[in-house]
Amino acid sequence: MSETFAPATLAEARPASVVTEGLWVRGLLIAVAILFLALFLVLPLVTVFAQALAKGFGAYLAAFTEADAHAAIRLTLLTAAIAVPFNLVFGIMASWAIAKFEFWGKNLLVTLIDLPFSVSPVVSGLIYVLVFGAQGLLGPWLLAHDLQVIFAVPGIVLATIFVTFPFVARQLIPLMQEQGTAEEEAALTLGASGWHAFRTVTLPNIRWGLLYSVLLCNARAMGEFGAVSVVSGHIRGLTNTLPLHVEILYNEYNFVAAFAVASLLAGLALVTLLVKSLLEWRYADEIKAGARGH
Amino acid sequence: MPGATEGRASERTGGSTAIRVENLSKTFDTAAVLHDFSLDVRAGELLALLGPSGSGKTTLLRIIAGLDFPDDGRIVFGAEDATRLPVQQRAVGFVFQHYALFKHMSVAENIAYGLNARKRSERPAKAEIKRRVGDLLDLIKLSGFADRYPSQLSGGQRQRIALARALAVEPRVLLLDEPFGALDAQVRKDLRRWLREIHDRTGQTTIFVTHDQDEALELSDRVAVLDKGRLEQVGTPDEVQEAPVSATVLKFLGDTIEVEAIAQGGEVRVDGRLTPVRAPGGLVGPVKLYARPWQLQFAEGDGAHLQGLVRSSYRTQGRQRIEVDRPEGKTVVVEAADTHRFAAGSPVGLRITGGHVFPN
């Protein structure tokens with residue numbers, strides 16, 4: 001052991017050698033990683049597009065011309081259009097409260113915000129059935145007022161909101177905590193109203209983190225299957241979102257149409273990934289703020 | 001800032017009270033930070049709030065600004081009770097310890113922020129805002145930096161921008177929280193002198209918080225010494241140095257040597273030998289004598305009040321500081337002219353030439 005620390009040995013050793021493995025180890029690790037990615041990520045993605053186009057471009061396009069597909073696309077867009085802004089507003093409010101104030105039960109709130117990530121989506125869906133369903137807690141009341149939540153659009157929206165709840169808040173809480181309140185206080189002492197300070201100081205400071213989280217939130221809102229599947233009731237043309245529509249087509253052995261619709265979701269995922277990478281590359285500081293000690 | 005100061009000239013003269021802090025109390029969770037705290041701030045003065053960390057000085061500054069609210073007591077601006085006035089309506093300029101510049105705005109946008117935040121009816125015209133930003137940039141000697149961003153500036157430059165931003169709204173009072181705390185020694189010194197100049201030129205009533213005695217004594221017209229949420233003493237730098245009201249103030253204002261002494265009939269004796277220090281009337285019996293390092297001289301025989309062994313010495317700026325171990329185990333620091341070198345271990349006698357006594 002003593003030789004290892006002899007000055008001569010240290011001086012000759014190149015600094016890189018301490019952390020770098022032998023050539024063949026590196027090669028092996030890289031090969032395994034690439035093989036794994038190819039097998040589990042790239043191959044399925046290629047398969048989606050290959051299957052979708054298996055019977056030509058005409059058959060591919062035909063999958064989107066039927067009324068049920070239109071309805072599914074509309075419903076998915078509608079759900080995302082409600083769930084994402086809702087979670088955007090809620091996420092900003094919650095992270096503002098958590099990052100900038102001290103109050104009793106703060107840790108509990110932080111834990112609760114994370115809950116949707118730790119609960120299986122199917123369970124999330126079931127919760128809504130148990131609360132709003134015909135046999136559920138609020139069922140009789142809803143029935144009496146002729147309101148339908150389960151097996152209808154409101155249920156789908158609620159389930160989606162629940163599942164995508166944490167995205168914005170989790171991104172913004174560390175970011176806002178790191179930024180503290182000094183800039184807002186400075187704005188207030190300069191005469192700005194609370195709203196003016198929020199618009200001109202807080203929002204610009206979190207804009208890229210916000211955009212990043214909205215992107216992820218949107219991808220999840222459009223792609224959510226489990227929770228939505230439980231509350232939807234799978235009524236064609238009425239309560240089918242894109243992921244549910246894919247499942248129905250697949251179960252009917254309509255592979256071309258199923259994969260064609262799936263390719264839409266895969267495309268969405270790819271675009272999301274691309275924009276996400278761009279944001280991460282361009283605004284790394286702001287997005288990763290929570291992880292930084294600063 | 002020519003336009004900004006003319007209106008205030010009348011307020012400045014006569015040293016009338018600009019801000020009155022009355023019987024302020026503040027408790028965070030269960031810890032009291034301010035106890036029944038009162039202080040008058042004179043118009044046009046540069047007042048230092050000096051105290052160790054945890055003395056409540058920053059809390060006091062934030063309460064004056066309206067960023068915190070007291071549990072009890074009042075803040076009066078001129079004749080107006082401002083205790084419940086929201087921060088936006090107090091017209092204070094606050095400079096934060098870490099500047100709190102708006103990162104995504106240029107220097108010019110930062111300085112203009114307070115003017116742009118005003119209601120449309122009270123907002124100056126674009127050209128007027130631009131002119132004022134230009135004037136302020138001249139004042140802080142950063143003309144030509146208008147289009148830079150805070151990340152492109154040094155700490156000292158950021159501090160100056162933060163000051164200009166606060167001055168832009170023509171505040172009734174300028175509040176600075178540890179304004180030089182985050183800067184290195186040389187920049188601190190330059191900025192101190194510069195802040196004093198700016199104050200002399202604008203006559204802006206200014207309160208600044210610091211834990212650095214030199215900063216407070218060099219910069220301010222008056223120093224308020226805080227300890228544990230109470231005002232120990234307020235006075236000019238000369239007053240607090242020459243006539244400290246308590247051992248706390250004395251100790252906080254610089255290095256001190258503590259010696260057991262006996263007071264009787266106004267005279268103070270150490271080890272039975274008379275010192276030139278006078279005890280206030282009524283102070284009789286065992287007392288503590290506090291002297292500065294330069295109030296001790298080396299002396300021999302009966303001239304010495306204290307005995308000790310030289311532990312070490314070092315030179316600093318033409319003087320030398322000698323650490324002397326006293327028989328009872330305490331080490332005292334003596335400051336002397338850099339003429340004679342003392343070998344470690346040699347016995348020396350020390351003569352007290354001045355100091356203050358306080359009850360034990």
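List of remarks:
- Solvent exposure of A:ILE73, expressed as accessible area, is near 50 Å², computed with a probe of 1.4 Å over the protein chains only.
- Of B:ILE161, B:ILE207, B:ILE198, the one that fluctuates the most in a GNM where chain B has Cα springs shorter than 10 Å: B:ILE198
- Multiplying the residue separation of B:HIS340 and B:VAL284 by 0.36 nm and subtracting their alpha-carbon distance yields 16.4 nm.
- Flagged links, alpha-carbon separation over 24 Å, of B:LYS57/B:LYS189; A:LYS100/B:LYS141; A:LYS55/A:LYS276; B:LYS57/B:LYS251; A:LYS100/B:LYS57; A:LYS100/B:LYS26: A:LYS100/B:LYS141; A:LYS55/A:LYS276
- Residue among B:GLY93, B:HIS35, B:LEU46 farthest towards the positive dipole end of the protein assembly as shown, charges placed on Cβ: B:GLY93
- Loop sites here are chymotrypsin sites (Phe, Trp or Tyr not before Pro) outside DSSP states H, G, I, E and B with no more than 14 other Cβ atoms within 10 Å. The longest part of chain A free of them is A:105-252.
- Cα long-axis angle, helix B:107-116 against chain B (0 to 90 degrees, to the nearest 10): 70
- FRET efficiency estimate (nearest 0.05) - Cβ-Cβ, B:ASP200 to B:GLN297, R0 51 angstrom: 0.85
- Remark: accessible surface ordering of B:ILE322, A:ILE235 (largest first) is A:ILE235, B:ILE322, probe radius 1.4 Å.
- Protein heavy-atom accessible area occluded, A/B pair - total, 1.4 Å probe, Å²: 1600
- Here's the picture: charge each Lys and Arg Cβ at +1 and each Asp and Glu Cβ at -1 in the stretch B:127-248, and of B:PRO179, B:VAL169, B:THR248 the one pushed furthest to the positive end of that dipole is B:VAL169.
- Normalised by the number of residues in chain A, the average gap of Cα pairs under 8 Å and 6 or more apart makes the relative contact order 29 percent.
- FRET efficiency for the pair B:ASP212 and A:LEU112, taken as 1/(1 + (r/R0)^6) with r the Cβ-Cβ distance and R0 = 45 Å, rounds to 0.50.
- Degrees, to the nearest 10: B:185-202 long Cα axis against longest axis of chain B: 60
- The GluC sites (Glu not before Pro) of the stretch A:185-294 that meet both conditions, a loop assignment by DSSP and at most 13 other Cβ atoms within 10 Å of the site Cβ, are A:GLU252.
- Each principal axis of the protein assembly as shown carries a Cα extent, and these read 114, 79, 56 Å when sorted largest first.
- GluC sites (Glu not before Pro) restricted to DSSP loop in the stretch B:240-314 with at most 10 other C-beta within 10 Å: B:GLU300
- Farthest toward positive dipole pole in chain A [+1 Lys/Arg, -1 Asp/Glu at C-beta], among A:LEU112, A:ALA59, A:SER263: A:ALA59
- Nearest-0.05 FRET efficiency for A:LEU270 and A:LEU28, computed from C-beta distance (R0 41 Å): 0.90
- With every protein chain in place, chain A: carbon and sulfur % of accessible area (1.4 Å): 72
- Cα long-axis angle, helix B:155-168 against chain B (0 to 90 degrees, to the nearest 10): 60
- Under Karplus coefficients 6.51, -1.76 and 1.60, residue-wise ³J(HN,Hα) of the stretch B:256-262 in Hz, glycine/proline x: 9, 10, 9, 10, 5, 8, 10
- Unit charges on C-beta of K, R, D, E only; dipole of the protein assembly as shown, Debye: 1200
- Heavy-atom accessible area order for B:LEU39, A:LEU274, largest first, 1.4 Å probe: A:LEU274, B:LEU39
- Long-range HN-HN contacts of B:ASP227 with modeled amide H, under 5 Å: B:GLU232
- With 20 Å² as the minimum drop in accessible area between chain alone and full protein complex (1.4 Å probe), the qualifying residues in the stretch A:151-200 are A:ALA182, A:GLU183, A:GLU185, A:ALA186, A:LEU188, A:THR189, A:LEU190, A:GLY191, A:ALA192, A:HIS196, A:THR200.
- Here is the list for the stretch B:301-349: GluC sites (Glu not before Pro) lying in DSSP coil, each with at most 11 other C-beta atoms within 10 angstrom of its C-beta, are B:GLU328.
- In chain B, Cα pairs under 8 Å separated by at least six residues give a relative contact order of 16 percent.
- Taken one residue at a time, the phi angles of the stretch B:86-96 give Karplus couplings (6.51, -1.76, 1.60, θ = phi - 60°) of x, 3, 4, 8, 7, 6, 10, x, 10, 10, 7 Hz. Gly and Pro are set to x.
- The apolar share of the surface of the stretch B:1-153, taken as the fraction of accessible area on carbon and sulfur atoms (1.4 Å probe, ligands and nucleic acids excluded), comes to 48 percent.
- For the stretch B:110-207, the relative contact order comes to 31 percent (Cα pairs under 8 Å, sequence separation of at least 6).
- Exposed trypsin sites (Lys or Arg not before Pro) absent - longest run of chain B, DSSP non-H/G/I/E/B, at most 12 other C-beta within 10 Å: B:142-340
- Among beta bridges that DSSP assigns inside the stretch B:114-264, antiparallel share in %, nearest 5: 55
The values are calculated or read from the model by the stated rules, or taken from the named source; none is laboratory data. On a predicted model such as this, the values are computed, not experimentally measured, just so you know. Note: ideal-geometry Cβ built from the backbone for every residue, glycine included; neighbour counts use all protein chains shown. With ligands, DNA and RNA removed, areas are computed over all heavy atoms of the protein, side chains included. Shrake-Rupley method; radii C 1.70, N 1.55, O 1.52, S 1.80 Å.
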